[in-house]
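Let me begin by presenting the structure, written as structure tokens, before commenting on it.
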Amino acid sequence: MTASKTDTDLLVEQVAGIDGVMGDDIHVHGDKVTTYVPTGQMEAAKELDDVSVEVLEEHDHEYLISVAPRNTGA
């Protein structure tokens, strides 16, 4: 039996695909993922499919962001 990927697994894959994001910095908290993103890659984070991105902290060379599935329910 093959396990299907969860929404969180897909979030982790998307975030890991951003240049400069280190896998060790990706943390899962329930249905959200947090990580550090280099300042030059913030636009790439905002362009991820079907997610909302919240900046938690700003630093000189990186942002701490929280990524969650975009709420598509009515």
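The values are calculated or read from the model by the stated rules, or taken from the named source; none is laboratory data. This structure is a prediction, so every number in the text was calculated from the model and none was measured. Methodologically, a virtual Cβ is constructed for each residue, glycine included, from the backbone with ideal geometry; neighbour enumeration extends over all protein chains shown.
Within the range 63-73, restricting attention to residues that are out of contact with any Ser or Thr (no Cβ under 7 Å at 6 or more places or on another chain) and in a loop (DSSP other than H, G, I, E, B), which residue is nearest to residue 11 (Cα to Cα)?
Once the filter is applied, the top-ranked residue is 71.
Could you list, in sequence order, the residues of the range 14-62 that are exposed (fewer than 11 other Cβ atoms within 10 Å of the Cβ), assigned to a helix (DSSP H, G or I) and touching a helix residue (DSSP H, G or I) at 6+ places or on another chain (Cβ under 9 Å)?
Hit for the range 14-62 is 23, nothing else.
Can you name the residue in the range 1-13 that is assigned to a loop (DSSP other than H, G, I, E, B) and not hydroxyl-bearing (Ser, Thr, Tyr) and is also nearest to residue 70 (Cα to Cα) among such residues?
Here the answer is 5.
Take the residues of the range 63-74 that are loosely packed, with under 15 Cβ neighbours inside 10 Å and not basic (Lys, Arg): which is modelled with the lowest pLDDT?
Among residues in the range 63-74 that are loosely packed, with under 15 Cβ neighbours inside 10 Å and not basic (Lys, Arg), the one modelled with the lowest pLDDT is 74.
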